Amino acid sequence: MELPQMPELVGLSLLVGLLALVATAAVARGWLRAEEDKISQPVCQKVNEAKNSGSKKQKQNQRIRKEKPQQHSFSHRLLAAALKSHSGNISCMDFSSNGKYLATCADDRTVRIWSTKDFLQREHRSMRANVELDHATLVRFSPDCRAFIVWLANGDTLRVFKMAKREDGGFTFTATPQDFPKKHKASIINIGIADTGKFIMTASSDTTILIWNLKGQVLSTINTNQMNNTYAVISPCSRFVGSCGFTPDVKVWEVCFGKKGEFQEVQRAFELKGHSASVHSFAFSNDSRRMASVSKDGTWKLWDTDVEYKKQQDPYLLRTGRFEEASSMPCRLALSPDTHVLALATGTSIHLFNTRRGEKEECFECVHGECIADLTFDTTGRFLASCGDRAVRLFHNTPGHRAVVEEMQGLLKRASSESTRQRLQQQLAQAQEALKNLGALKK
């Protein structure tokens, strides 16, 4: 038997060894790639997750921007103007006693002061006062129009802002260093400053009304005994404070001061009795000799309050009108300065009544994007203002012009002197011209 030659064995061994080495290197390289893939996979996942989360956030932000509420649009032939500068919902308005300014407050942490002479202009400029670290829910001008007070939503107290006139005609607003002390235990429904400047009123939703002096000291506490208060206000003559609530009446107190201006007492004056259910709201006329009220019984009433209440004389009921919407929804009320027009608001709609005839004359529907928060006439009675979203809407008071026409026509028939007739004819012509310009003159 012959054995293979030595050189051939050596070559075969080298070939086998080389193949084994190549195979080992290939296996090793595959294992290293597998390990690298395992290590890099979580990193890739994190990067992808970050990208995905970033894109999700962008989509969410885009969605939020898309879902941001748009300014409510409203048009009507009697709409005089829309005041749009607030970025939050407006909760309260107040006209200054001199009729030059309108103050509005919103949850955007600002109070804005508007010039009434710009109402019929294209641009409506306003001056802004910032409410630091809080926002105002109620605002009222001081009688001299050099300051205003606000109720703070989070602070639950009154803050006073002083108004200093600048050379350019604007104002600088400065909050006083100290807010009023906290005294109320329930939410506030209204505040007010007497036109005499002698006292401030705050009313809460329980049964409490506080009378303050201007330095923040409580002069008197009134318990209305009405289960709860829904509204309270100071009369324009500054003698009275009235309230309404769960009971079917309106209670009125007199705030008494001495001859030297010192506070004496708060005493019961009179009540408006005649409703059969709780009273939503009420208002005084400009001279405080008339009052209007609206109730859950579905009626509104006009009263003569020029009575000798100290001799136990009760107010006289002048007229009752139907307003069924008040029986199922909260209702706000505004009485024109001359008492000729009554404005009632429920939800987002406003209804205007002629108080001489008790008839509804105008109705504005879907005025605001939210429920109407406040309703008031300007000091002249030409405009009715409402708020409920980020805008104040001003309406021409056509029922007021019509009421003047009716009143002047009646007085002309009884006028005896020529000078009186000329004066009445001039007022009649002015009212008719105003209605004609608004396209509301009845033929």
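Points to keep in mind about this one:
Residue by residue, here is whether (1) in contact (Cβ under 8 Å) with a residue 24 or more places away in the chain; (2) β-branched (Val, Ile, Thr); (3) in contact with an Asp or Glu (Cβ under 7 Å, 6 or more places away or on another chain) holds:
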residue: 81; (1), (2), (3): yes, no, no
residue: 85; (1), (2), (3): yes, no, no
residue: 88; (1), (2), (3): yes, no, yes
residue: 97; (1), (2), (3): yes, no, yes
residue: 107; (1), (2), (3): yes, no, no
residue: 113; (1), (2), (3): yes, yes, no
residue: 117; (1), (2), (3): no, no, no
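- Checked against (1) farther than 26 Å from residue 147 by Cα; (2) buried (at least 20 other Cβ atoms within 10 Å of the Cβ), residue 223 passes all but condition (2).
- Any hit, segment 402-411, residues being of a type in the set (Lys, Arg) and at pLDDT below 90: no
Let's see how each residue does on (1) assigned to a loop (DSSP other than H, G, I, E, B); (2) over 24 Å from the mean Cα position of the chain (by Cα):
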{"site": "172", "(1), (2)": "no, no"}
{"site": "182", "(1), (2)": "yes, no"}
{"site": "206", "(1), (2)": "yes, no"}
{"site": "220", "(1), (2)": "no, yes"}
{"site": "226", "(1), (2)": "yes, yes"}
{"site": "233", "(1), (2)": "no, no"}
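- Every residue from segment 209-233 that is closer than 15 Å to residue 186 by Cβ, in contact with a Leu (Cβ under 9 Å, 6 or more places away or on another chain) and hydrophobic (A, V, I, L, M, F, W, C): 210, 222
- Residue satisfying condition, being without any contact (Cβ under 8 Å) to a residue 12 or more places away in the chain, over 16 Å from residue 95 (Cα atoms) and either among the aromatic types (Phe, Trp, Tyr) or open to solvent by less than 70 Å² (accessible area, probe 1.4 Å) (or both), within set 207, 172: 172
- Filtered residues of segment 279-325 (kept if over 27 Å from residue 380 (Cα atoms), assigned to a loop (DSSP other than H, G, I, E, B) and open to solvent by 30 Å² or more (accessible area, probe 1.4 Å)): 296, 297, 308, 312, 313, 314
- Looking across segment 278-315, just one residue is on the phi > 0 side of the Ramachandran plot and touching a helix residue (DSSP H, G or I) at 6+ places or on another chain (Cβ under 6 Å), and that is 298.
- Filter result for the condition that a residue is open to solvent by 20 Å² or more (accessible area, probe 1.4 Å) and free of Cβ contacts under 8 Å to residues at least 24 places away in the same chain, over 228, 213: 228
- Residue match in segment 118-136 (condition: at pLDDT below 95 and touching a His at 6+ places or on another chain (Cβ under 8 Å)): yes
- Scanning segment 403-424 for residues that are of a type outside the set (A, V, I, L, M, F, W, C), surrounded by 13 or more Cβ atoms within 10 Å (Cβ to Cβ) and out of contact with any helix residue (DSSP H, G or I) (no Cβ under 7 Å at 6 or more places or on another chain) yields 406, 407, 420, 423.
- Counting only strands (runs of 3 or more DSSP E) wholly contained in segment 326-423, the ones carrying 3 or more residues that are within 20 Å of the chain's Cα centre (by Cα) occupy 332-335, 341-346, 349-354, 374-377, 383-387, 392-396.
- Residues located in segment 340-370, provided they are among the polar types (S, T, N, Q) and either more than 19 Å from residue 397 (Cα to Cα) or out of contact with any helix residue (DSSP H, G or I) (no Cβ under 9 Å at 6 or more places or on another chain) (or both): 348
- Checked against the criterion of being closer than 27 Å to residue 390 by Cβ, among the basic types (Lys, Arg) and in contact with a strand residue (DSSP E or B) (Cβ under 8 Å, 6 or more places away or on another chain), the candidates 122, 140, 146 yield just one match: 140.
- Residue check, residue 112 modelled with pLDDT under 95 and among the basic types (Lys, Arg): no
- Looking across segment 91-147 at every residue that is open to solvent by less than 30 Å² (accessible area, probe 1.4 Å) and part of a loop (DSSP other than H, G, I, E, B), the one that is farthest from residue 162 (Cα to Cα) is identified as 119.
The values are calculated or read from the model by the stated rules, or taken from the named source; none is laboratory data. Here the structure is a predicted model, which is why all the values come from computation and not from measurement. So basically every Cβ, Gly included, is an ideal-geometry build from the backbone, and we count neighbours across all protein chains shown. We work out accessible area using only protein heavy atoms, side chains counted, and drop any ligands, DNA or RNA first. Shrake-Rupley method; radii C 1.70, N 1.55, O 1.52, S 1.80 Å.
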